[in-house]
Amino acid sequence: MSTIKVEDAGFVRFRAPDLGEMRRFLEDFGLRVVEATDRRLVMRGAGSAPVAHVTELGEPGFAGVAFRAASVADLERLAAAEGATVDDLDLPGGGKVVRLSDPDGHNVEIVAGQAKAPPLELPSPQPWNLAEERQRLRATKRVPAGPAHVVRLGHMVLNVSDFRASERWYKDRFGFITSDEIQVSPELALGAFMRCDRGETLTDHHTLFLAQSPKGPGFNHAAFEVVDLDDLMLGHQRLKDAGRHSEWGVGRHILGSQVFDYWRDPWGHTLEHWTDGDVFTAADGSSVATLQDLLGVQWGPSAPPTMA
Ligand SMILES: [Fe+2]
């Protein structure tokens with residue numbers, strides 16, 4: 001039994017020397033400003049999470065990941081087991097936080113009790129006229145140009161120095177379930193897509209991916225869900241027009257099935273737009289997959305060397 005079971009991704013933290021430049025990039029990416037001061041930039045998606053991306057003024061770099069727990073009581077149980085404290089979370093929406101450090105020294109925050117943000121307006125879903133099933137009858141489809149509409153942070157990927165050690169650490173504390181383990185051979189696993197254990201409640205195929213990377217430990221990417229395929233393509237065009245750095249996409253992954261589009265922020269951190277990913281319950285089990293499955297696509301360009 002794990003100490004607690006986390007429910008979802010919370011937010012990601014970075015540092016950057018120019019918060020205005022980070023803001024311009026994130027607005028092109030489709031996040032919305034919640035707080036912008038001389039020292040800190042806080043962005044959200046259109047969903048109910050009050051915070052999705054936090055940047056503190058400083059030397060550029062990755063500063064940590066956060067997951068959402070079900071309750072403050074869970075935070076108290078976690079803190080007691082870890083010899084940690086439950087503190088106030090100093091971010092819009094408030095709430096409580098337990099701060100831990102994973103085996104590679106990554107900052108991991110577990111949060112609960114945040115006030116829900118009022119959801120922001122999203123483009124209404126428009127049906128598709130499939131070749132053999134017309135769903136949009138006697139009506140046009142118009143998709144106004146602009147950034148994609150990020151709804152929520154969906155998953156984070158961390159490079160780790162010892163996959164098995166990190167897997168144990170995250171599973172023992174937070175209850176993650178393996179969806180797909182990446183094996184080079186039966187004796188050698190290099191990573192796993194892991195989902196939250198929410199019992200019979202559907203959850204994303206992965207909220208966390210741990211990858212044993214030759215690059216050594218560090219941030220790999222964070223992935224934000226957008227409304228649908230039109231929204232993702234709209235966002236692609238906006239980022240391209242703004243001269244942003246496209247890393248990989250548009251394509252459809254094999255593991256997790258989502259349509260993906262990877263971009264770099266002005267300091268080189270990879271952020272993903274995704275839509276149409278798989279959802280599972282706790283009962284849906286675990287699979288084994290290969291590196292080819294991990295880096296292959298169902299359609300779209302092959303993975304650039306920077307993603308391997
Ligand atoms: Fe991803």
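What the table below lists for this structure:
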item: Strands (runs of 3 or more DSSP E) within segment 42-110 that include 2 or more residues of a type in the set (A, V, I, L, M, F, W, C) and over 28 Å from VAL227 (Cα atoms); result: 96-101
item: Residue satisfying all of: in segment 6-41; part of a loop (DSSP other than H, G, I, E, B) and more than 20 Å from ASP228 (Cβ to Cβ); farthest from the chain's Cα centre (by Cα) among these; result: ASP38
item: Residues of segment 250-288 classified as within 20 Å of THR203 (Cα to Cα) and over 18 Å from the mean Cα position of the chain (by Cα), total; result: 8
item: Tally of residues being over 21 Å from GLY268 (Cα atoms) and crowded, with 18+ Cβ neighbours inside 10 Å across segment 13-44; result: 1
item: Members of segment 169-185 found to be under 18 Å from the mean Cα position of the chain (by Cα) and among the hydrophobic types (A, V, I, L, M, F, W, C), listed by number; result: PHE174, PHE176, ILE177
item: Matching residues, segment 195-207, being out of contact with any Gly (no Cβ under 9 Å at 6 or more places or on another chain) and surrounded by 23 or more Cβ atoms within 10 Å (Cβ to Cβ); result: ARG195
item: In segment 221-248, the residues that are surrounded by fewer than 20 Cβ atoms within 10 Å (Cβ to Cβ) and not acidic (Asp, Glu); result: LEU229, MET233, HIS236, GLN237, ARG238, LYS240, ALA242, GLY243, ARG244, HIS245, SER246
item: Complete set of residues in segment 139-194 that are more than 19 Å from ILE254 (Cβ to Cβ), of a type in the set (Asp, Glu) and surrounded by fewer than 18 Cβ atoms within 10 Å (Cβ to Cβ); result: ASP162, ASP172, GLU187
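Bear in mind that the values in this text are calculations on the coordinates, not laboratory data. The shown structure was predicted, so the numbers you read here are calculated from the model rather than taken from an experiment. With ideal geometry, Cβ positions are generated from the backbone for all residues, glycine too; neighbour counts draw on all protein chains shown.
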